[in-house]
Amino acid sequence: AQSVTQPDIHITVSEGASLELRCNYSYGATPYLFWYVQSPGQGLQLLLKYFSGDTLVQGIKGFEAEFKRSQSSFNLRKPSVHWSDAAEYFCAVGVGGGGADGLTFGKGTHLIIQP
Amino acid sequence: DVKVTQSSRYLVKRTGEKVFLECVQDMDHENMFWYRQDPGLGLRLIYFSYDVKMKEKGDIPEGYSVSREKKERFSLILESASTNQTSMYLCASSLVGQGADTQYFGPGTRLTVL
């Protein structure tokens, strides 16, 4: 069965500093990988996704992620965080063709931004 | 923009009640999903549906059922609510396409079972 691990439950970063959120997955076939963000009181919003091609994926809000098959990882990065980036971040792997059978999510990483 | 709406943001029910959570999407998406979100557990898939009158069990279907009579509407039913079903419930929809299908999420329903 597929699984997603986000090793960091909480991360605190100073405003303007760089950010990397870790994600490791376990899936037998070619993975469809996603990063979602959930701001307080809001629904989930897609940041970016990967299914083939260039392993460095650009997303919204200045985020990017790199797929590394050899490490089974899909880490999310941002060069300079803003206070508005404070939120819960979820990595997910899609099951079935493109995720048609649903997503398996990690437990999330709570990002805190220090002024 | 895709819009996924859920009938209630907050709901309080009593143990043993039958509970209906409604979800509507306005983009003619084939696939619809129900997840529950609990602190420290992330989101877990309850049920999903490829089309009208079709349903598939997800990872945690016990205690739940679903109904999809129209393409745009997907209902989650708690036949006899229990306190361990207190949670945030999120509905999502996606368009079948090539590659990774983006799921669009509703704002969620926070259900409390007393």
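The values are calculated or read from the model by the stated rules, or taken from the named source; none is laboratory data. Predicted, not measured: the structure shown is a model, and the values here were computed from it. Ideal geometry is used to build each Cβ from the backbone, glycine not excepted, and the neighbour counts take in all protein chains shown. When the accessible area is computed, the model is the full protein with side chains, heavy atoms only, and any ligands, DNA or RNA have been set aside. Shrake-Rupley method; radii C 1.70, N 1.55, O 1.52, S 1.80 Å.
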Looking for something of a type in the set (D, E, K, R) and open to solvent by 50 Å² or more (accessible area, probe 1.4 Å) - is there at least one such residue anywhere in region B:76-96? yes
Which number in (1) surrounded by fewer than 17 Cβ atoms within 10 Å (Cβ to Cβ); (2) touching a residue at least 40 places away in the same chain (Cβ under 8 Å); (3) away from chain B (no Cβ under 13 Å) marks the one condition that A:Ser39 misses? (3)
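Give the residues of region B:27-44 that are without any contact (Cβ under 8 Å) to a residue 12 or more places away in the chain and either open to solvent by 10 Å² or more (accessible area, probe 1.4 Å) or in contact with a Pro (Cβ under 8 Å, 6 or more places away or on another chain) (or both), sorted by residue number. Please lay out each step first, then the result.
Taking region B:27-44 as the starting set, the residues that turn out to be without any contact (Cβ under 8 Å) to a residue 12 or more places away in the chain are B:39-42.
Selection gives B:Pro39, B:Gly40, B:Leu41.
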If B:Arg9 passes every condition in (1) open to solvent by less than 20 Å² (accessible area, probe 1.4 Å); (2) within 27 Å of A:Gly108 (Cα to Cα); (3) touching a residue at least 60 places away in the same chain (Cβ under 8 Å) but one, which one does it miss? (1)
Just need a number here: residues in region A:1-36 that are small (Gly, Ala, Ser) and either buried (at least 17 other Cβ atoms within 10 Å of the Cβ) or modelled with pLDDT of 95 or more (or both). 4
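Quick grid of which residues meet (1) open to solvent by 60 Å² or more (accessible area, probe 1.4 Å); (2) within 18 Å of A:Ser3 (Cβ to Cβ); (3) within 14 Å of chain B (Cβ to nearest Cβ); (4) at pLDDT below 95:
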{"residue": "A:Glu64", "(1), (2), (3), (4)": "no, no, no, no"}
{"residue": "A:Phe74", "(1), (2), (3), (4)": "no, yes, yes, no"}
{"residue": "A:Val81", "(1), (2), (3), (4)": "no, no, no, no"}
{"residue": "A:Val93", "(1), (2), (3), (4)": "no, yes, yes, yes"}
{"residue": "A:Gly98", "(1), (2), (3), (4)": "no, no, yes, yes"}
{"residue": "A:Gly106", "(1), (2), (3), (4)": "no, yes, yes, no"}
